[in-house]
1. Could you give the length gained by full extension between Glu98 and Ile77, i.e. 0.36 nm per residue of separation minus their alpha carbon distance, to one decimal place?
2. Compute the FRET efficiency between Phe13 and Glu46 as 1/(1 + (r/R0)^6), taking r as their Cβ-Cβ distance and R0 = 22 Å, and round to the nearest 0.05.
3. How long are the semi-axes of the equivalent ellipsoid of the range 28-76, defined as square roots of 5 times the Cα gyration tensor eigenvalues? Whole Å, largest first.
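Derivation of every value follows stated rules applied to the coordinates shown; laboratory data play no part. Keep in mind it's a predicted model, so treat the numbers as computed, not measured. All Cβ positions, even for glycine, are placed from backbone atoms using ideal geometry, and neighbour counts span all protein chains on display.
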Amino acid sequence: MNTEPISYYRQIFSKEDWAIGMHGKNRQAITERFYAFYNWMATSGELDWWTDEFAVFWTDEKRCLRAILNFSRRKVIQEVGADALKGVKGGADILAVEEAQKFVDGFVDERFYTPKLSAVNNDWHDELVISAEDLSDYDAVKA
């Protein structure tokens with residue numbers, strides 16, 4: 001597991017649309033963390049690299065929080081050990097919920113998608129060109 005520090009940014013558009021930004025010096029660490037989100041089904045999309053140190057992916061609130069809880073649970077089991085948690089009411093979940101909450105509290109709510117990046121341009125009339133066919137050529141006359 002990569003231990004390079006990664007900063008997490010979150011832009012919430014709605015419960016169904018979250019953009020998660022990750023910033024770090026190590027591109028491989030960011031990619032591996034994205035794979036953790038992907039493997040725990042927080043996203044089905046791709047990692048979009050904006051710079052060498054910043055990448056973004058899309059998710060939603062429910063899937064993101066569930067994935068964070070899942071990889072927090074795995075981290076707790078790896079660090080504490082499964083045998084140490086046997087017979088304890090709640091087991092790894094008690095510690096995993098705390099760990100997941102710390103992770104989520106570390107998100108910086110940031111607006112990195114600006115209206116210009118996220119807006120749909122409906123001003124098409126400037127881009128369309130109307131032209132007529134030249135029917136004087138041989139192929140057009142033959143048809």
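1. Stretched out fully, the Glu98 to Ile77 stretch lengthens by 6.2 nm.
2. 0.75
3. On the way: eigenvalues 75, 34, 11 Å².
Equivalent ellipsoid semi-axes, largest first: 19, 13, 8 Å.
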